[in-house]
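Working notes, beginning with the structure itself.
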Amino acid sequence: MSPTVAIIGAGFGGLCMAIRLERAGIRSYTIFEKGPGVGGTWRDNTYPGAGCDIPSHLYSFSFERYSSWSRRYPGQPEILGYLEMCANKYGLRPRIRLNTEVTAATFDESLSRWRVRTPSGEELFDVVVSAVGQLNRPRLPDIPGMSAFAGASFHSARWDHSQDLTGRRVAVIGSGSSAAQLIPRVAEVAERVDVFQRTPNWVIPKPDAVFGETARKVFRRLPFLQRGYREWTYRYAETALYPALAGRWSAGLLRKRALDHLRGQVRDPELRARLTPGYPVGCRRIVIDSDFYPALTRPNVDLVTEPIVRITPAGVETTAGLHGADVIVYATGFQTTGFLAPIEVTGRGGRRLSEEWKEGAEAYLGIAVPYFPNLFLLYGPNTNLGHNSIVFMLECQAGYIMGCLPYLARRGPMEVRPEAMEAWRRSLERAMDTMVWGAGCTSWYKNASGRVTNNWPAPTTVYRRITRAPRPTAFRFAGRPVRDSGGGLSVTS
Ligand code: NAP
């Protein structure tokens, strides 16, 4: 009999998991989605200019290659359309419960099953797969006076489309990837835009290109070309971008590319100085965008770098004075280190995930957590990438979970052993030491104590290798421990 599976979230991860189950003939799953539609972050982020800075031929499922992308870096509507097409094509819709937020999941030891709670009650499942993502909860800053602002204000991931920005004064707080995409579009219509930058980012150009009818026809008729293009994009990210994040040979080249881009697009040396980061390239998420700098040089756009003191009813006050605004856009990022929060997850022995993770989230392979049997994570701790497609990681994780199902069906609930977790932690720390994220910058990759809880510190080829199949010795089954040396978990290639 197939296990019953609760999937939390209908974004790229949740859909990927459901498709894998469907293809294995397992239909005993339910996708719980708190929002009104599928798509996750691609449903939530509808700000002007929203799109992906990873080429879509790579930022899509390997098993569902799509020849109709209109350009190399398509916008949010096209990516959302792709995900909706996947949900329809694979027949997932009947098993998706929209507008249904999971508030708690508790492992019932007497039944060896999970009690999954939603506002409409509690249901039992054998397996819980979290696919909630890392960028699903907007983070509003804690600036004095925010509630007193007299105009409209909203977060970039909760864009208020009822606000017409034409001819208005817009303050954008933040200068990360979301801000870089929305500022050029807002600046085209607004009377003026003040961009409040706290920390400059490294920015490299986005070599966008339109795929016209001919290119699309070629991709459709000659699938090997599409496969080759995808493979080439993947290899480029692994061989040219990844080494920069590991402080190796391409770091200097990437830095030079970013500085050339800045010099080429911003003539004013004073503005350039304020846009030049003072930390190693790749320490924070690199912004990939060709329109951001030109937007900052427009006469109706100002880059404000004085610290914000407070929000007043009339606008944003910095140490240099008040910047009047009609609308404030908070492009201030996401609560990234809480992972499953605010879902209350309770495992064996009444252990709470939030307690287990109070020093920082961690999971074996980013997928499994000791004392939480049959709970699997997609895009869990230490599986985010700064250089390649997260869809690749999701497919590795979904495949790994599929590999676990026969074990738990035969041997009972499976739970990663603390020794295996400890060995994993050590190898992760060793690999992390080689990466550029540790020192010299703040970023959403780290928790409050500075530990990098979000990123994967090795090539993705290594991740694919170590997630190819579960090692049963790393798990205990139905409370019966098996021996495991904890070896063989090295994440270095
Ligand atoms: P973000 O990179 O976390 O940027 C948040 C911005 O808000 C930063 O500039 C930050 O300044 C600023 N900020 C936060 N609190 C502030 C405060 N109290 N006062 C002043 N400034 C404040 O968020 P994001 O731009 O939404 O991007 C998040 C991630 O989403 C990206 O890194 C990327 O992984 C993903 N994303 C991807 C794409 C894509 O094309 N693939 C597009 C958009 C987003 P500090 O830097 O000083 O903290």
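Here are the numbers for this structure:
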read-out: From Leu378, Leu394, residue being surrounded by 23 or more Cβ atoms within 10 Å (Cβ to Cβ), touching a strand residue (DSSP E or B) at 6+ places or on another chain (Cβ under 7 Å) and within 30 Å of Pro48 (Cα to Cα); value: Leu378
read-out: Matching option when the condition is in the same structural domain as Pro307 (by TED's automatic domain parsing), within 16 Å of the ligand (Cβ to nearest atom) and among the charged types (D, E, K, R), among Asp194, Asp164; value: Asp194
read-out: Among the residues listed as Arg255, Arg274, Arg235, the single one being at pLDDT 95 or above, more than 16 Å from the ligand (Cβ to nearest atom) and over 22 Å from Ile390 (Cβ atoms); value: Arg255
read-out: Selection within the range 162-213 - in contact with a Lys or Arg (Cβ under 9 Å, 6 or more places away or on another chain) and part of a strand (DSSP E or B); value: Arg169, Val170, Ile173, Arg192, Val193, Asp194, Ile204, Val210
read-out: Residue check for Glu101: more than 16 Å from the ligand (Cβ to nearest atom), touching a residue at least 24 places away in the same chain (Cβ under 8 Å), assigned to a loop (DSSP other than H, G, I, E, B) and touching a strand residue (DSSP E or B) at 6+ places or on another chain (Cβ under 7 Å); value: yes
read-out: Some residue of the range 296-317 being buried (at least 19 other Cβ atoms within 10 Å of the Cβ), assigned by TED's automatic domain parsing to the domain that holds Arg185 and of a type in the set (Ser, Thr, Tyr); value: no
read-out: Residue that is hydrophobic (A, V, I, L, M, F, W, C), over 30 Å from Pro184 (Cα atoms) and either in contact with a Phe, Trp or Tyr (Cβ under 7 Å, 6 or more places away or on another chain) or within 16 Å of the ligand (Cβ to nearest atom) (or both), where the choices are Ala320, Ala295, Ala325, Ala361; value: Ala361
read-out: Residue in the range 375-385 that is over 18 Å from the mean Cα position of the chain (by Cα), outside the structural domain of Ser178 (by TED's automatic domain parsing) and either in contact (Cβ under 8 Å) with a residue 40 or more places away in the chain or more than 24 Å from Thr46 (Cα to Cα) (or both) present; value: yes
read-out: Residues that are charged (D, E, K, R) and under 19 Å from Ala431 (Cα atoms), drawn from the range 230-254; value: Glu238, Arg248
read-out: Count of residues meeting criterion [loosely packed, with under 14 Cβ neighbours inside 10 Å and closer than 30 Å to Ser112 by Cα] in the range 426-470; value: 2
read-out: Subset of the range 147-161 that is away from the ligand (no atom under 11 Å from the Cβ) and in a strand (DSSP E or B) - its residue that is farthest from Tyr47 (Cα to Cα); value: Ala152
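The values are calculated or read from the model by the stated rules, or taken from the named source; none is laboratory data. None of these values were measured; they are calculated from a predicted model. Cβ coordinates were reconstructed from backbone atoms using ideal geometry, including for glycine residues, and neighbour counts include every protein chain displayed.
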